[in-house]
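**Student:** Could you have a look at this structure, given as structure tokens, before my questions?
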Amino acid sequence: MSGTQMASQNGGSDNGKVERMPAAQPQGTERTRMRPLYAPRVDIVETPETLEVFADMPGVTKESVEITLEQRVLRIQGRAEISAPGGASPLYLEYQPGDYERSFSLSEAVDASGIEARVKAGVLHLKLPKAGPAKAQRIEVRTS
């Protein structure tokens, strides 16, 4: 993948750790919920036609994920809930559910109108099609 096509705005290094990565809170903002905020770990792969993003977001569903694109910034947000079988309540949790948030700056090389998303088993899969070459167009000249 070319570094000019997509850049994460959260930074951080992997260092082979599997633990969750807390998200940095934007300066000058406040959280209104007292839940942990995580930056989901992502894998980004490139095919001849697309860039594909796989974001690990355990506990999220189609209804609890929101993806927005504004001014070429792709923003992923999600909310994970505790799910105990049969109405049971958890006594001990090593997994702390929380909210997910991560943003990416997209280059002109991505066709923003064709982005697709799906979620399965806690993994969000985004397909970002590459923009084709600019088409030649004729510009009409008018008189005043």
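What follows draws every value from the coordinates through simple rules; no lab data is involved. Bear in mind that the values here come from a model prediction, so they are computed numbers and not experimental data.
**Student:** Let me know the Rg and Dmax you get for the stretch 72-133 when you use only its Cα atoms, in Å.
**Tutor:** Values for the stretch 72-133 (Cα only, Rg and Dmax): 17.0, 57 Å.
**Student:** With θ set to phi - 60°, apply the Karplus curve 6.51 cos²θ - 1.76 cosθ + 1.60 along the stretch 86-103 and write out the HN-Hα couplings as whole Hz, x wherever there is a Gly or Pro.
**Tutor:** x, x, 5, 10, x, 9, 8, 10, 8, 9, 9, x, x, 9, 10, 7, 7, 10
**Student:** Could you please tell me the mean projected area of the C-alpha convex hull for the stretch 44-91, averaged over all directions and given in square nanometres to one decimal?
**Tutor:** Average projection, Cα convex hull of the stretch 44-91: 5.4 nm².
**Student:** Any chance you could run the full-extension gain for Arg118 through Thr143? It's 0.36 nm times the residue separation minus the Cα-Cα distance, nm to one decimal.
**Tutor:** Working it through step by step, the gained length comes to 4.0 nm.
**Student:** Output wanted: per-residue J couplings in Hz (rounded whole) for the stretch 116-125, from phi through Karplus 6.51 cos²θ - 1.76 cosθ + 1.60, θ = phi - 60°, x for Gly and Pro.
**Tutor:** So the Karplus estimates, Gly and Pro as x, are 10, 9, 8, 10, 8, 6, x, 10, 8, 10 Hz.
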